[in-house]
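So the structure is just underneath, and the comments pick up after that.
Taken together, the values in this text are just the output of simple stated rules run on the coordinates, not laboratory data. Just so we're clear, the structure is a prediction, and the values are computed from it rather than from any experiment. Cβ atoms come from the backbone with ideal geometry, glycine included; neighbour counts cover every protein chain shown.
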Amino acid sequence: MENITANQLKTKGISLIEKHLTRNREMVITVRGKERFVVMDMQHYNYLRECELDAALHETRADYEAGRFVAETVEEHIQRITK
């Protein structure tokens, strides 16, 4: 993953981001020497979100199969979580 500085971004703008993203899926923007932001194209972002949702679904199925869930009414649920 490549890094660019906030100052480089200020002077070169979107063209700098586009240039870096043709070679890498992600890039890091540093501010005063510290990594602060990650930039990626929407296709890669959507892929990562899909992976995140797949992982959550897998975790939920594992919890269900292991019996780690509560069956209750909406009212019971609200009462339980507000205690």
Given the structure, is VAL74 more than 30 Å from THR5 (Cβ to Cβ) and in contact with a helix residue (DSSP H, G or I) (Cβ under 8 Å, 6 or more places away or on another chain)? no
Wholly within the stretch 3-83, which helices (runs of 4 or more DSSP H) include no fewer than the required count, namely at least 2 residues that are surrounded by 12 or more Cβ atoms within 10 Å (Cβ to Cβ)? 6-23, 42-65
Please work out if VAL39 is closer than 24 Å to LYS10 by Cα and in contact (Cβ under 8 Å) with a residue 24 or more places away in the chain. no
With the checklist (1) without any contact (Cβ under 8 Å) to a residue 12 or more places away in the chain; (2) touching a Lys or Arg at 6+ places or on another chain (Cβ under 7 Å) in hand, flag the one item HIS44 doesn't pass. (1)
